[in-house]
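Below is one structure, written out as structure tokens; the observations come after it.
The values are calculated or read from the model by the stated rules, or taken from the named source; none is laboratory data. Remember, predicted model here, so these are calculated numbers, not experimental data. All Cβ positions, even for glycine, are placed from backbone atoms using ideal geometry, and neighbour counts span all protein chains on display.
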Amino acid sequence: MIQKKAIVVGSGILGMAAAKSLSELNYQVTVFERSLKAEGSSIRNFGMVWPIGQHSNKYLERALQSRDTWTNICKNAGIWHHSSGSLQLFTNKIELEMANEFYDAEIHHRSNLKILTAEKCLEMAPNLNQKNVIGGLFSSTEVIVESREAIRVIPTYLAAKYNIEFNFGKTIVESTTGKVKTSDGETYLADIIIICSGYETNLLYPSIFETAPITISQLNMLRSAPIAHQIPAICAGLSYLHYDSYSTLSQKNEYQNFCLEKYPNQVKNGIHLLVSQNHELALTIGDSHEYGNQLDPFQSQDIDQFILDYYAEIMNKNDIQIAQRWMGKYLKMTNGESEWIQEVENGVFIFNGPGGAGMTLGWGMAHEIIPKIA
Ligand SMILES: Cc1cc2nc3c(=O)[nH]c(=O)nc-3n(C[C@H](O)[C@H](O)[C@H](O)COP(=O)(O)OP(=O)(O)OC[C@H]3O[C@@H](n4cnc5c(N)ncnc54)[C@H](O)[C@@H]3O)c2cc1C
């Protein structure tokens, strides 16, 4: 029997997830990555595999499935990962009330949730701001990977275990039914082509990009030097305004108004606090969100400072020295969905859309969707 061939464009998390799923369907898969090593969104993130952010009626199961895939791959490939859980820290009454409502609604879906006193939070995170924090919500489902390491190591693992070949340093300049063309003029044939080119999908399909329900989101990120203790992944009150899992909380609008008064600069710049810790105990701290298809490339010190100001409300700022700063981008859907799967030509599919949750949803998204289109 002749084996079917698949081509995947891009070796970020979505490209790798699509390649793995295609290989599991017995395709012979070739991945083309423009860079010599991945440098897109997938290595610029917090490495947070974050089921707590997914709504139990929507993508919680997908996130948990992705989390399990991450854990298996990391174990088998010898990649560092940490089942850190997440600790959402609160500094006022409305945030605690929202946590209680979330707990009551979700405990049947997430059996591991706990509302913690400030003292218990301090045991888990000795560097929290003891003056402000009054309690927290702990969830044990979250896993952290060091994405800049993991995303670059996984291709070697996938190539050894599956029928997948990776070609780095090869840009696809044209794709059409049954074939792609590289910048050095070579043509490759396939039965199916999956475009996982992240926020640069406009380069291959500009007219489709212009009319798709998507925008670019640009984020400021910081990394500290290593700190003295290991902590769970941290978020705080402003995260209520960012995650789908909290979208149905009854006080959400009231809280939004409260934040507009108390944290106007943070709300204006789409800031909430996320803190993940890597194997060296360094903290990745963020983030802000700026939206639009033409964004200035200049990282604003003001925005970094607003992130750090909010960090100081929640955590002890004297513990950290900033060692790195960078910006990242991803495509965010403007219609509230989290999948942009579009057959742009017969057998050529755009595979995109999870926005700020690609690390959380990627493996599960491919596992569910690729068998439906391949
Ligand atoms: C700052 C930041 C923080 C984030 N934090 C988290 C987090 O903690 N948890 C979470 O779940 N999600 C997070 N996300 C979201 C997540 O990182 C993205 O959803 C995910 O990385 C998108 O993966 P991707 O494979 O679509 O894109 P990318 O990782 O950008 O990969 C696309 C790849 O395609 C390649 N490419 C493009 N065009 C071509 C071409 N023509 N030919 C060949 N190759 C091409 C690019 O070089 C690139 O390597 C974050 C994102 C950012 C930016």
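Some points to look at:
- Test set (1) of a type in the set (A, V, I, L, M, F, W, C); (2) in the same structural domain as L274 (by TED's automatic domain parsing); (3) crowded, with 19+ Cβ neighbours inside 10 Å - I73 fails condition number: (2)
- Cβ-Cβ under 6 Å pairs, at least 6 apart or on other chains, region 311-340 side farther than 16 Å from S288 by Cβ and in contact (Cβ under 8 Å) with a residue 40 or more places away in the chain, far side within 12 Å of the ligand (Cβ to nearest atom) and assigned to a loop (DSSP other than H, G, I, E, B): M333/G353; S338/G353; S338/P354; W340/G353
- Odd one out for G169 among (1) touching a residue at least 60 places away in the same chain (Cβ under 8 Å); (2) within 20 Å of T284 (Cα to Cα): (2)
- When restricted to residues that are within 16 Å of the ligand (Cβ to nearest atom), in a loop (DSSP other than H, G, I, E, B) and within 30 Å of L89 (Cα to Cα), region 297-335 contains 3.
- Across region 207-220, a minimum of one residue is classified as in a loop (DSSP other than H, G, I, E, B), within 15 Å of the ligand (Cβ to nearest atom), touching a strand residue (DSSP E or B) at 6+ places or on another chain (Cβ under 7 Å) and in contact (Cβ under 8 Å) with a residue 60 or more places away in the chain.
- All positions within region 341-354 that are surrounded by fewer than 19 Cβ atoms within 10 Å (Cβ to Cβ) and within 13 Å of the ligand (Cβ to nearest atom): I341
- When E24, E101 are checked against the criterion of being of a type outside the set (S, T, N, Q), over 27 Å from C196 (Cα atoms), surrounded by fewer than 19 Cβ atoms within 10 Å (Cβ to Cβ) and touching a residue at least 12 places away in the same chain (Cβ under 8 Å), a single residue qualifies: E101.
- I154, sole failed condition from (1) in contact with a Lys or Arg (Cβ under 8 Å, 6 or more places away or on another chain); (2) within 15 Å of the ligand (Cβ to nearest atom); (3) in contact (Cβ under 8 Å) with a residue 12 or more places away in the chain: (1)
- Residues that are within 18 Å of E345 (Cβ to Cβ) and within 12 Å of the ligand (Cβ to nearest atom) were ranked within region 164-181; the one that is surrounded by the fewest Cβ atoms within 10 Å (Cβ to Cβ) is E174.
- Residue match in region 55-62 (condition: small (G, A, S) and either within 15 Å of the ligand (Cβ to nearest atom) or out of contact with any helix residue (DSSP H, G or I) (no Cβ under 8 Å at 6 or more places or on another chain) (or both)): no
- K161 being surrounded by fewer than 17 Cβ atoms within 10 Å (Cβ to Cβ), among the basic types (K, R) and in contact with a Leu (Cβ under 6 Å, 6 or more places away or on another chain): no
- The set of residues in region 221-240 that are outside any loop (DSSP other than H, G, I, E, B) and within 15 Å of L283 (Cβ to Cβ) comprises M221, L222, R223, S224, A233, I234, C235, A236.
- Flag: A357 matches the condition of being among the hydrophobic types (A, V, I, L, M, F, W, C), crowded, with 20+ Cβ neighbours inside 10 Å and either more than 14 Å from the chain's Cα centre (by Cα) or within 28 Å of P297 (Cα to Cα) (or both).
- Residue check for L283: touching a residue at least 60 places away in the same chain (Cβ under 8 Å) and either touching a strand residue (DSSP E or B) at 6+ places or on another chain (Cβ under 7 Å) or within 16 Å of the ligand (Cβ to nearest atom) (or both): yes
- Selection within region 33-52 - crowded, with 24+ Cβ neighbours inside 10 Å, near the ligand (Cβ under 8 Å from one of its atoms) and not charged (D, E, K, R): A38, G40, S41, S42, N45, F46, G47, M48, V49, W50
- The set of residues in region 241-274 that are among the aromatic types (F, W, Y) and assigned to a helix (DSSP H, G or I) comprises Y246, Y255, F258.
- Test: residue in region 46-55 that is in contact with a Ser or Thr (Cβ under 7 Å, 6 or more places away or on another chain), among the aromatic types (F, W, Y) and within 30 Å of I154 (Cα to Cα): yes
Here is a yes/no grid of residues against (1) at positive phi; (2) within 16 Å of the ligand (Cβ to nearest atom); (3) touching a residue at least 12 places away in the same chain (Cβ under 8 Å); (4) surrounded by fewer than 16 Cβ atoms within 10 Å (Cβ to Cβ):
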{"residue": "K114", "(1), (2), (3), (4)": "no, no, yes, yes"}
{"residue": "K120", "(1), (2), (3), (4)": "no, no, yes, yes"}
{"residue": "N127", "(1), (2), (3), (4)": "no, no, yes, no"}
{"residue": "E142", "(1), (2), (3), (4)": "no, yes, yes, no"}
